[in-house]
Amino acid sequence: MPLLSVSDLKTHYKSRDGLLRAVDGVDLVVERGETVALVGESGCGKSTLGKTVLRLVDPTDGRIVFKGEDITMLDQRRLRTVRKSVQMIFQDPFASLNPRHAIGEILEAPLVVHKAGDRAERRRRVADIVAKVGLPADSVSRYPHEFSGGQRQRIGIARALLLNPELIVCDEPVSALDLSIQAQILNLLVAMKKEFGLSYLFISHDLSVVRYFADRVMVMYLGRIVESADNATLWSDPRHPYTRAMMAAVPDPSRRRHAAPLGGDLPSPSHIPPGCRFHTRCPLATNLCRTQEPEFRPVAPGHHVACHFADEPTE
Ligand code: SF4
Ligand code: MG
């Protein structure tokens with residue numbers, strides 16, 4: 001049984017611009033111990049998908065099953081048990097750290113909510129996790145503004161780990177950090193995954209960030225997954241023109257395959273183009289693409305692509 005399984009998930013909003021189809025029919029599976037990367041441009045629906053999976057946002061349609069339990073319609077009270085097992089790490093942890101509370105209090109709060117041990121036990125758990133994420137012991141008595149961006153992300157990770165979750169949704173956890181700090185935080189996430197037996201749904205707009213540690217990569221465009229493969233296959237044999245364009249933006253002297261970087265703007269999720277939703281920016285688009293939506297279909301075992309021409313040679 002997969003840890004998380006999502007089918008035909010839709011999250012639509014009413015907006016002044018019309019119906020906004022942020023998530024528009026996504027299937028997704030995360031197995032135990034797996035890191036699944038969800039990659040796409042900003043505005044493609046990745047964060048909404050991450051939040052919907054955690055039921056921080058209500059889905060319009062579809063099904064979310066966590067550890068065999070259908071949580072799609074679960075009420076807030078019953079969701080509390082699930083929430084212990086599924087945590088989220090955000091791009092900017094500072095925004096979610098109360099500036100008037102010391103780190104020790106901030107980290108203790110979820111333990112209080114979930115009635116995890118007495119005061120001494122909670123303090124011990126907080127001290128343990130602070131050490132595990134590489135923060136100095138005296139951090140607990142300091143305030144959020146006293147920490148650097150990288151240290152704040154360590155605090156965000158500590159908070160996510162405190163309730164012994166099984167799945168963590170990481171939403172652009174390193175995008176706001178300097179390159180050298182990015183590597184440190186990614187290494188920490190990898191180490192924590194091993195130590196606690198975690199699974200990750202890792203959201204990023206940057207394919208190069210997930211290249212060295214994702215097991216599987218799902219490429220998202222305008223609310224839908226357009227390509228899904230294990231990490232190595234995606235890099236050696238990308239089939240969707242959108243995936244190839246994203247790769248072209250990643251500097252890599254050893255790669256022989258060249259594609260033009262992506263031109264044009266992402267259309268609005270309230271005005272999704274008919275046919276293949278990528279056709280307005282696709283260099284290979286034909287009349288068929290403008291009228292008929294391609295099926296998301298297997299091109300090899302474990303490798304799925306939504307493109308009419310996914311079987312054609314790429315070089
Ligand atoms: Fe491009 Fe057509 Fe494939 Fe869509 S179906 S990605 S428009 S070639
Ligand atoms: Mg986002």
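The values are calculated or read from the model by the stated rules, or taken from the named source; none is laboratory data. Computed from a prediction, not measured in an experiment: that's the story for all the values here. Note: ideal-geometry Cβ built from the backbone for every residue, glycine included; neighbour counts use all protein chains shown.
Looking for something among the acidic types (D, E) and within 16 Å of ligand 2 (Cβ to nearest atom) - is there at least one such residue anywhere in segment 103-113? Within segment 103-113, not a single residue is among the acidic types (D, E) and within 16 Å of ligand 2 (Cβ to nearest atom). Right, F90: modelled with pLDDT of 90 or more, surrounded by 18 or more Cβ atoms within 10 Å (Cβ to Cβ) and either more than 16 Å from ligand 2 (Cβ to nearest atom) or over 18 Å from the mean Cα position of the chain (by Cα) (or both) or not? Answer is no for this residue. Scanning segment 170-189 for residues that are modelled with pLDDT of 95 or more and touching a Cys at 6+ places or on another chain (Cβ under 9 Å) turns up at least one hit.
Is it true that some residue in segment 63-70 is loosely packed, with under 14 Cβ neighbours inside 10 Å, more than 27 Å from S175 (Cβ to Cβ) and free of Cβ contacts under 8 Å to residues at least 24 places away in the same chain? Yes, there is a match, as at least one residue in segment 63-70 is loosely packed, with under 14 Cβ neighbours inside 10 Å, more than 27 Å from S175 (Cβ to Cβ) and free of Cβ contacts under 8 Å to residues at least 24 places away in the same chain. Screening T72, T81 for residues that are among the hydroxyl-bearing types (S, T, Y) and assigned to a loop (DSSP other than H, G, I, E, B) leaves exactly one candidate, T72.
Scanning segment 40-69 for residues that are at negative phi, outside any loop (DSSP other than H, G, I, E, B) and not acidic (D, E) yields K46, S47, T48, L49, G50, K51, T52, V53, R63, I64, V65, F66. Selection within segment 281-315: residues that are without any contact (Cβ under 8 Å) to a residue 24 or more places away in the chain and buried (at least 19 other Cβ atoms within 10 Å of the Cβ). The member of this set that is nearest to D215 (Cα to Cα) is P294. One residue stands out among those in segment 25-51 that are over 17 Å from V217 (Cα atoms) and within 16 Å of ligand 2 (Cβ to nearest atom): the one that is modelled with the lowest pLDDT, which is G43. Residues that are touching a residue at least 12 places away in the same chain (Cβ under 8 Å), touching a Leu at 6+ places or on another chain (Cβ under 9 Å) and surrounded by fewer than 17 Cβ atoms within 10 Å (Cβ to Cβ) within segment 93-133 comprise H114, A116, listed in sequence order.
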